[in-house]
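J.: Let me begin by handing over the structure; questions about it come next.
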Amino acid sequence: MIITGKKFSKPELSRVINGDVSLETNQDVIEKERLDHLLVKQHPEYNRSSLQQFIKSRFVTVDGKITQKPNTKIPQGAKIRLNVPDAPKLPPRPPVIYEDENVLVLNKPAGLLSMAKGEYCPEPTLENYGLLVHRLDRDTSGVVILAKNPETQKMLRKQFQDRKTHKTYYAVVNGHPKLPEAMIDLPIARNLKRPTTFQVDQNGKSSQTHYKVREQNERYSLLELKPTTGRTHQLRVHLKYIGTPILGDNVYGEGTNTKIPRLFLHAGALEITIPGPNGGIRKTFVAELPTEFIEFFKQSNTLSPHYTTDSYKSQ
């Protein structure tokens, strides 16, 4: 009679059970356990994903030595220490465009994260200053609105979801669009080959971006952008598709260029209703164009006189 069954998943333990190898000679196989699993038991206040990030960030030592691989097998008796550093001192908040008892409107600098990645984030984010309503990419600057209480957060978020906000962006792009003004109406979907990025896809979500050329020189164009939808990376994907990727875009553009200081994308204005009498007050908040945008065009002497930082001061 032949008896078949599920293949034993741990051959080392199988050999011990069958008596082919003594338990003493395989003590390490029996007693070792993954580092991240041990930390979950020792620090239930953190989830496994956060603990794995701590390990990779060099916050964990095993017998006094830093260990950076979550799947490292640790023998019994090893001394494991988690050394999460104190949260960094919060820098002064970004320039304030508007503030009242319900909302805070900031001119977000390029480089500031909108929200924390994981449970532990070693750098400040917009969430340090208020309740997040919408997001800008890390490398995008400009107008962002935060709520000071959950009721306001819900009210503002619903306007974004219902497309009752109006947003205006400015971008310096490589090359020149074929038309001086047009609506880009192209659906966008996640790129399955590069899951952190997006692409134009006929099976994607409907996405529309209106653009207008405001300035040009021999190589670049300054565009005014008015998206009617808010898909992730929408402006960057649409502009790449029409052959004018945003200057400094290392994901959708022409690759890393150390001479380009940042992504040249700026949220210039946001029209939205904030809490107030009679159902709220409709306001437009404006963040002046960053000086590097102005300087970039000044170098080629193509900037029109009306394009000064004064043109974009908050209202």
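J.: Is there any pair with a first residue in the range 127-144 that is among the charged types (D, E, K, R) and a second that is part of a strand (DSSP E or B) whose Cβ atoms are under 9 Å apart and which are 6 or more apart or on different chains, and what are they?
T.: Once the first residue is among the charged types (D, E, K, R) and sits in the range 127-144, its partners that are part of a strand (DSSP E or B) give Glu127/Leu113; Glu127/Leu146; Arg135/Val144; Asp137/Leu265; Arg138/Leu113; Asp139/Leu265.
J.: Say we look at the range 132-173 and pick out the residues that are of a type in the set (Lys, Arg) and out of contact with any strand residue (DSSP E or B) (no Cβ under 9 Å at 6 or more places or on another chain); which of these is farthest from Glu292 (Cα to Cα)?
T.: So in the range 132-173, the residues of a type in the set (Lys, Arg) come out as 135, 138, 148, 154, 157-158, 163-164, 167.
Keeping just the survivors that are out of contact with any strand residue (DSSP E or B) (no Cβ under 9 Å at 6 or more places or on another chain) gives 158, 163.
Values: Lys158: 34, Arg163: 31 Å.
Only one residue fits best here, namely Lys158.
J.: Also, quick follow-up: Limited to the range 204-216, what total is found for residues that are open to solvent by 30 Å² or more (accessible area, probe 1.4 Å) and either modelled with pLDDT under 95 or touching a helix residue (DSSP H, G or I) at 6+ places or on another chain (Cβ under 7 Å) (or both)?
T.: The total comes to 2.
J.: Of all residues in the range 205-245, count the ones that are under 18 Å from Lys298 (Cα atoms) and of a type in the set (A, V, I, L, M, F, W, C).
T.: 3
J.: Considering Pro88, Pro95, which residue is modelled with pLDDT of 75 or more and either of a type outside the set (A, V, I, L, M, F, W, C) or open to solvent by less than 90 Å² (accessible area, probe 1.4 Å) (or both)?
T.: Details: Pro88 fails: modelled with pLDDT of 75 or more.
Answer to the check: Pro95.
J.: Take the residues of the range 160-183 that are farther than 21 Å from Arg219 by Cβ and out of contact with any Leu (no Cβ under 8 Å at 6 or more places or on another chain): which is surrounded by the fewest Cβ atoms within 10 Å (Cβ to Cβ)? Outline the logic, then answer.
T.: Taking the range 160-183 as the starting set, the residues that turn out to be farther than 21 Å from Arg219 by Cβ are 160-168, 183.
Those still in the list that are out of contact with any Leu (no Cβ under 8 Å at 6 or more places or on another chain) too: 160-164, 183.
Working: Phe160: 17, Gln161: 11, Asp162: 8, Arg163: 11, Lys164: 12, Met183: 12.
Across the range 160-183, the extreme among qualifying residues is Asp162.
J.: Let me ask another. Identify all residues within the range 50-77 that are surrounded by 15 or more Cβ atoms within 10 Å (Cβ to Cβ) and of a type in the set (A, V, I, L, M, F, W, C); write none if there are none.
T.: Of everything in the range 50-77, those that are surrounded by 15 or more Cβ atoms within 10 Å (Cβ to Cβ) and of a type in the set (A, V, I, L, M, F, W, C) turn out to be Leu51, Phe54, Ile55, Phe59, Val60, Val62, Ile74.
J.: I would also like to ask the following. Does Ala110 qualify as being open to solvent by less than 80 Å² (accessible area, probe 1.4 Å), touching an Asp or Glu at 6+ places or on another chain (Cβ under 7 Å) and touching a residue at least 60 places away in the same chain (Cβ under 8 Å)? Reasoning before the result, please.
T.: Working: open to solvent by less than 80 Å² (accessible area, probe 1.4 Å): yes; touching an Asp or Glu at 6+ places or on another chain (Cβ under 7 Å): yes; touching a residue at least 60 places away in the same chain (Cβ under 8 Å): yes.
It is true that Ala110 is open to solvent by less than 80 Å² (accessible area, probe 1.4 Å), touching an Asp or Glu at 6+ places or on another chain (Cβ under 7 Å) and touching a residue at least 60 places away in the same chain (Cβ under 8 Å).
J.: Within the range 265-293, which residues are surrounded by fewer than 18 Cβ atoms within 10 Å (Cβ to Cβ) and either farther than 17 Å from Thr168 by Cα or among the aliphatic types (A, V, I, L, M) (or both)?
T.: Step one: list which residues in the range 265-293 are surrounded by fewer than 18 Cβ atoms within 10 Å (Cβ to Cβ), which gives 271, 273, 276-284, 291-292.
The answer is Gly276, Pro277, Asn278, Gly279, Gly280, Ile281, Thr291, Glu292.
J.: Give the residue that is farthest from Asp185 (Cα to Cα), with candidates limited to residues of the range 217-227 that are open to solvent by 10 Å² or more (accessible area, probe 1.4 Å) and modelled with pLDDT of 95 or more.
T.: Quick first cut of the range 217-227, residues open to solvent by 10 Å² or more (accessible area, probe 1.4 Å) only: 217-220, 224, 226-227.
Going one step further and asking which of them are modelled with pLDDT of 95 or more, we end up with 224, 226-227.
Values: Glu224: 16, Lys226: 12, Pro227: 10 Å.
Residue satisfying both the conditions and the ranking: Glu224.
J.: Give the residue, chosen from Thr25, Thr67, Thr61, that is over 28 Å from the mean Cα position of the chain (by Cα), at pLDDT 85 or above and of a type in the set (Ser, Thr, Tyr). Lay out the reasoning, then the answer.
T.: Details: Thr25 fails: at pLDDT 85 or above; Thr67 fails: over 28 Å from the mean Cα position of the chain (by Cα).
Answer to the check: Thr61.
J.: Kindly establish whether Asn149 is closer than 23 Å to Asp86 by Cβ, of a type in the set (S, T, N, Q) and out of contact with any helix residue (DSSP H, G or I) (no Cβ under 7 Å at 6 or more places or on another chain). Lay out the reasoning, then the answer.
T.: Details: closer than 23 Å to Asp86 by Cβ: no; of a type in the set (S, T, N, Q): yes; out of contact with any helix residue (DSSP H, G or I) (no Cβ under 7 Å at 6 or more places or on another chain): yes.
The answer is no for Asn149.
The values are calculated or read from the model by the stated rules, or taken from the named source; none is laboratory data. Everything numeric in this text was worked out from a predicted model, so none of it was measured. Cβ: placed from backbone, ideal geometry, glycine included. Neighbour counts: every protein chain shown. To get the accessible areas, we keep the full protein, side chains included, count just its heavy atoms, and leave off ligands, DNA and RNA. Shrake-Rupley method; radii C 1.70, N 1.55, O 1.52, S 1.80 Å.
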